[in-house]
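Chemist: One structure, pasted below without further comment.
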Amino acid sequence: MALVPEAPSSRVRQLNSCPLKKSGRYVLYWMISARRLQWNFGLQQAVHRAQTLNLPLVILEPIGCRAKWSSVRFHHFVIEGMAEHHALCQERGIAYHPYVEPEPGHGVGLVEAYAQKAAAVITDDFPCYFLPRMVQTLGQRIDVPLECVDSNGIFPMRATDQVFTTAHAFRRFLQKNIKPYLSEFPVADSLAGPILSMEIPGQIARKWSPATPGLLNRDASALAQLPIDQTVQPAAFRGGLKAAQEAVARFFKSRLPRYADDRNNPEQEAASGLSPYLHFGHVSAHEVFSRLAAKESWKPEHLPEKASGSREGWWQMSPAAEAFLDELITWREVGYNFTSHREDYDQYESLPAWARQSLEKHAGDHRPSLYDLHQLEIAQTHDELWNAAQRQLVREGRMHNYLRMLWGKKVLEWSLTPQQAVETLIHLNNKYAVDGRNPNSYSGIFWVFGRYDRAWGPERPIFGTIRYMSSDNTARKLPVKDYLKRYAASSGK
Ligand SMILES: Cc1cc2nc3c(=O)[nH]c(=O)nc-3n(C[C@H](O)[C@H](O)[C@H](O)COP(=O)(O)OP(=O)(O)OC[C@H]3O[C@@H](n4cnc5c(N)ncnc54)[C@H](O)[C@@H]3O)c2cc1C
């Protein structure tokens, strides 16, 4: 059977200069963001190394308890995936170590311990939250190669040094440059070929025990013992591969035809709901793209020669598919472009100069309504549509896309300063949204303040020339009656 090819060089960065350790006993795949066993360049690279070195593969999938905003909600979602990985690896005879850190600091040293006897360590390249720093630090602490592999999107993050400030400019760039990457997709099932088996090293398993069956089953009592935020309870939807596949199938079958027209309608489920699965890596953008392309009988040669920067007609697919791909590729990946190149991606100072100038000009404007973080968190504002959106976020772990924009704009209007509004939005989004702590969390939040946007007239109090949105206009434009009922204060758990 053919061996798995290595991941394309455009996707792999070695974070230290250590050579492969010939005496290594296995190859370690440290799965930290592309949490899946399919369509995964990181796993593919690890399998390739293991096969060519004739060594076993070990997959370590950890979740720590110290990361900011750690909660039952996100642990539950990630562990749903771990349980599936555990079963699949057992079936295929592959060493898999699911590790759920039981107390702060307990996981320290785990990857180093594995690295001591490894020939190489392969991990995922995720451009934000605490992950880039953690991975950089590890690279300096071990004496085997640490390869960091970008499995995030269709266009490799490091294939350009350019940082794009508008979706139009990024789209135009992609139209000119994406073609070679459309024939460089990850292997759908890297684990299908021959892979040597081994037991998890005893010393490691004793010190860092694999997740218990109780944890893998998400028993409430097991999760309740973890030192994570217990007030943020599991989301209204499941995590893991199966749930992700069901979401993709449901979207293509019943939502995609309505996507272009109804995506903004809060009472119609016309969007994919894929962002939580994309965020935790339970599904790959490559797989979603491939399945859509097959559905549309599309081939790369259908791409037009000229790059116009325009959304329509880019792919020569149906209008609904084109509208969806513009979100999945242009908007999703422009965020990965920004966070992978700008360390200040989560700072107010990263906003474009025109936006900061306009906000600062209006910094002293009277704010008719001011709410603090607590009032916002418990949805105690005078604006029922905003409160409903906030309740949806807290209860379900998601918020309707259009209302998410309005939600952000109102926090800018109701905060003492735009800097404080940025902090509030980052906190609420990342604490409650399953898709939070992602490059698109920062794209979305900073879009509220002008990133990827332009100046809009008329100049208004507080907003200046930042695009303005109001709940009244939204309620006039879109049906919200049922949404308000569904997320009324009295309808909650
Ligand atoms: C204030 C604010 C905060 C946001 N926070 C997040 C966040 O934490 N995580 C997150 O993934 N997105 C965030 N977004 C972007 C967007 O709202 C969500 O990606 C989208 O609602 C997810 O729903 P969906 O999967 O059904 O999207 P679909 O419409 O089905 O789109 C498919 C995919 O494209 C990407 N996408 C869609 N819209 C956008 C967008 N506007 N910007 C970037 N990527 C997009 C997502 O990966 C999404 O899953 C935020 C937007 C705003 C205004």
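The values are calculated or read from the model by the stated rules, or taken from the named source; none is laboratory data. Since the structure is predicted, the reported quantities are computational estimates derived from the model, not experimental observations. Quick reminder, even Gly has a Cβ in these numbers, built from the backbone with ideal geometry, and neighbours come from all protein chains shown. Ligands, DNA and RNA are stripped out before the accessible areas are found, and what is left, the full protein with its side chains, is counted by its heavy atoms. Shrake-Rupley method; radii C 1.70, N 1.55, O 1.52, S 1.80 Å.
Chemist: Sequence neighbours fewer than 8 away in the same chain don't count; with that in mind, list the lysines whose C-alpha is under 24 Å from K68.
Modeler: Once the sequence-local lysines are set aside, what remains near K68 is K431.
Chemist: In whole percent, how big is the carbon plus sulfur part of the accessible area of region 348-491, probe 1.4 Å, protein atoms only? Show your work: numbers first, answer last.
Modeler: Values: 3170 of 6040 Å².
Percent of accessible area from carbon and sulfur atoms in region 348-491: 53.
Chemist: At what distance in angstrom do the alpha carbon centres of region 347-395 and region 280-319 lie from each other?
Modeler: Here the answer is 36 Å between Cα centres.
Chemist: Would you list which aspartates and glutamates come within 17 Å of K179, measuring only between C-alpha atoms, while excluding same-chain residues fewer than 8 positions from it?
Modeler: Straight-distance partners of K179: E287, E301, E305, E322, D326, E333.
Chemist: Please give the solvent-accessible surface of V334 in Å², to the nearest 10, using a probe radius of 1.4 Å with every protein chain present.
Modeler: So the heavy atoms of V334 present about 0 Å² to solvent.
Chemist: Which length gain, in nm to one decimal place, applies between H168 and A2 when the Cα-Cα distance is subtracted from 0.36 nm times their residue separation? Before the final figure, lay out the partial values.
Modeler: Working: separation 166, 0.36 × 166 = 59.76 nm, distance 4.15 nm.
Stretched out fully, the H168 to A2 stretch lengthens by 55.6 nm.
Chemist: Considering the zone a paramagnetic label at K253 would reach in this model (a point 7 Å from Cα along the Cα-to-Cβ line), which residues of region 84-121 have amide N under 17 Å from it?
Modeler: none
Chemist: Scan around S71 for amide H atoms under 5 Å from its own, H built in the peptide plane at 1.01 Å from N, and keep only partners 5 or more places away or cross-chain.
Modeler: Amide H to amide H, under 5 Å and 5 or more residues apart or across chains, S71 pairs with D229.
Chemist: To continue, here is another question. Quick one: P(r) of the chain from all Cα-Cα pairs, 20 Å bins, percents rounded to integers, in order of increasing distance.
Modeler: Per 20 Å bin, starting at zero, the Cα-Cα P(r) for the chain comes out as 22, 56, 21, 1 percent.
Chemist: For the chain, what does the relative contact order come out to in percent, with C-alpha contacts under 8 Å and a separation of six or more? Numbers along the way, then the final one.
Modeler: On the way: 829 pairs, mean separation 91.4, N = 493.
The normalised contact order for the chain reaches 19 percent.
Chemist: Over region 348-491, what per residue volume does the convex hull of the Cα atoms give, in whole Å³? Spell out each step's value before the answer.
Modeler: Values: hull volume 14.8 nm³, N = 144.
That works out to 103 Å³ per residue.
Chemist: From Cα pairs below 8 angstrom and at least 6 apart in sequence, can you work out the relative contact order of region 441-493, rounded to a whole percent?
Modeler: Details: 20 pairs, mean separation 11.5, N = 53.
Relative contact order comes out at 22 percent.
Chemist: For region 21-63 and region 427-445, what is the separation of their C-alpha centers, rounded to whole Å?
Modeler: One Cα centre to the other: 29 Å.
Chemist: I've got another one for you. Which trypsin sites (Lys or Arg not before Pro) from region 33-76 combine a DSSP loop assignment with at most 16 other Cβ atoms within 10 Å?
Modeler: Working: sites: R35, R36, R49, R66, K68, R73; in loops: R35, R36, R66, K68.
Passing sites in region 33-76 are R66, K68.
Chemist: Let me ask something else. With a length cut of 24 Å (Cα positions projected on each helix's long axis) and a Kyte-Doolittle mean of at least -0.5, go through the chain and give me the DSSP H helices that pass.
Modeler: Numbers: long enough: 72-92 (29 Å, -0.28).
The answer, listed by residue number, is 72-92.
Chemist: Next question. Under a point spin-label approximation (7 Å from Cα along Cα-to-Cβ), what is the R454-K242 distance to one decimal in nm?
Modeler: With each label point 7 Å from Cα toward Cβ, the separation is 4.9 nm.
Chemist: Moving to a separate point now. Per the helix-only calculation at 222 nm, which mean residue ellipticity applies to the chain, given -39500 (n - 2.57) for every DSSP H run of n ≥ 4 and division by its residues, nearest 500 deg cm²/dmol?
Modeler: Values: 22 runs with 207 residues, N = 493.
Dividing the helical sum by the residues of the chain leaves -12000 deg cm²/dmol.
Chemist: Something else now. Using only the alpha-carbon atoms of region 174-317, report the extent along each of the three principal axes, biggest first, to the nearest angstrom.
Modeler: 59, 45, 24
Chemist: By a straight-distance test (C-alpha under 30 Å), which lysines pair with K21 as possible cross-link partners, with residues fewer than eight away in the same chain excluded?
Modeler: Cα-Cα hits under 30 Å: K117, K207.
Chemist: May I ask you to derive the FRET efficiency for S197 and E343 from their Cβ-Cβ distance with R0 = 35 Å, giving the value to the nearest 0.05? All intermediate terms of the calculation are to be shown ahead of the outcome.
Modeler: Details: r = 41 Å, r/R0 = 1.17.
After rounding, the FRET efficiency stands at 0.30.
Chemist: Find how much the distance from N16 to Q375 grows on full extension, using 0.36 nm per residue of separation minus their present alpha carbon separation; answer in nm with one decimal. Present the calculation step by step, with values, prior to reporting the outcome.
Modeler: Details: separation 359, 0.36 × 359 = 129.24 nm, distance 4.69 nm.
Net length gain for the segment: 124.6 nm.
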